[in-house]
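K.L.:
Input: one structure, supplied below.
The values are calculated or read from the model by the stated rules, or taken from the named source; none is laboratory data. All values reported here derive from a predicted model rather than from experimental measurement. Positions of Cβ are backbone-derived with ideal geometry, glycine not excepted, and every protein chain shown enters the neighbour counts. Only protein heavy atoms, including side chains, enter the accessible area calculation; ligands, DNA and RNA are left aside. Shrake-Rupley method; radii C 1.70, N 1.55, O 1.52, S 1.80 Å.
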Amino acid sequence: MPDTPGVVRRQTTDGRICLDHDWPQDARACRTLQRELADRVDTRHDTGPVATLGGVDIGFEDGGRTTRAAAVVLDATTLAVRERRLVRVPTRMPYIPGLLSFREIPGALAALEALETPPDLILVDGHGIAHPRRLGVATHLGLVTGRPTIGVAKKRLTGTHGPAPERRGAWTPLYDGETVIGAVLRSRERVKPIFISPGHRVDLDNAIAWTLQALTRYRLPETTRVADRLASGKPDF
DNA sequence: GCGACAG
DNA sequence: ATCTTGTCGC
């Protein structure tokens, strides 16, 4: 959304206009901006028809100076890969716990815009609202693009929870006090659970449902697995 | 002051 | 995230 704080329009060499960012460089200001943005998060479930699922993941090279961003599109029903895109942009921010989105969104935005067709729902590598200020990278990216997003993280950032169920597909709530901010999901038996949380325009139940839909025999959903291999430059196709 | 801390 | 050897198991 062009009117979201921190988001600005940029013109490419061929005259096209696309979204760019202009975040504060100071951590203090970034946290203030996060609290501001958190009020704009759409907590309702408002995805349109979902025919395609997107995956976004970021990797680094040159000791972190260059950011590699991958965006992929899979068929929501068959999980067949429809499109894959990889872009490189200079890294502008270091990793600071709680401020991950400011480091990764620039690349994610560039990769998404390189796609021919934007996905209907995006699964992001990282948390959604399961964040100290409710603004994880998935939520932030959803706000910036205006698209529905889900956070799929491999580790907990904040919140408390009971023991994760053993059964595949079962989950236990992730709490911030009395509020449920996500789910600790057993995506595969005998393997560490993953953390699912609403990003933007998706509620927790649907976030879990779509994650399960994108899950096969592995710990992580296919969307993030495909994006992962692309971003980390592994042997793929 | 002491731990915790997505990717 | 990245670096980085061997090892356990299907």
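K.L.:
Using Cα pairs closer than 8 Å and at least 6 residues apart in sequence, work out the relative contact order for chain A, in percent.
P.N.:
RCO, chain A: 20 percent.
K.L.:
Where nothing but the Cβ of Lys and Arg (+1) and of Asp and Glu (-1) is charged, how large is the charge dipole of the stretch A:67-169 around its Cα centre, in debye to the nearest 20?
P.N.:
The calculated dipole for the stretch A:67-169 is roughly 400 debye.
K.L.:
Let me ask something else. Given +1 on the Cβ of Lys and Arg, -1 on the Cβ of Asp and Glu, and no further charges, what dipole in debye does chain A carry about its Cα centre, rounded to the nearest 20?
P.N.:
740 debye
K.L.:
If contacts are Cα pairs under 8 angstrom and at least 6 residues apart, what is the relative contact order of the stretch A:165-229 in percent?
P.N.:
For the stretch A:165-229, the relative contact order is 23 percent.
K.L.:
While we're on this one: For the charge dipole of the stretch A:7-231, defined by +1 on Lys and Arg C-beta atoms and -1 on Asp and Glu C-beta atoms about the Cα centroid, which residue among A:Trp171, A:Gly63, A:Gly107 has the Cα displaced farthest towards the positive pole?
P.N.:
A:Gly63
K.L.:
Still on this model: Taking only protein heavy atoms into account and a 1.4 Å probe, give the accessible area per residue of chain A in Å².
P.N.:
Here the per-residue accessible area is 48 Å².
K.L.:
Quick check on chain A: helices-only [θ] at 222 nm, where DSSP H runs of length 4 and up contribute -39,500 (n - 2.57) each and the sum goes over total residues. Nearest 500, please.
P.N.:
-7000 deg cm²/dmol
K.L.:
For A:Lys234, list the lysines whose Cα falls under 22 Å from its own Cα; do not include residues on the same chain fewer than 8 positions away.
P.N.:
A:Lys154
K.L.:
Related question: Can you give me the distance in nm between label points at A:Asp203 and A:Asp62, each placed 7 Å from the Cα along the Cα-to-Cβ direction?
P.N.:
Between A:Asp203 and A:Asp62, the label points sit 4.6 nm apart.
K.L.:
Still on this structure, please answer the following. Give me the one-decimal Kirkwood hydrodynamic radius in Å for chain A, with the sum taken over alpha-carbon pairs.
P.N.:
About 17.7 Å for chain A.
K.L.:
Give me the number: length gained by fully extending A:Lys154 to A:Ala29, i.e. 0.36 nm times residue separation minus the C-alpha to C-alpha distance, one decimal in nm.
P.N.:
Taking A:Lys154 through A:Ala29 to full extension adds about 42.3 nm, to one decimal.
K.L.:
Rolling a 1.4 angstrom probe over the protein chains, ignoring ligands and nucleic acids, what is the accessible area of A:Ser101 in square angstrom, nearest 10?
P.N.:
0 Å²
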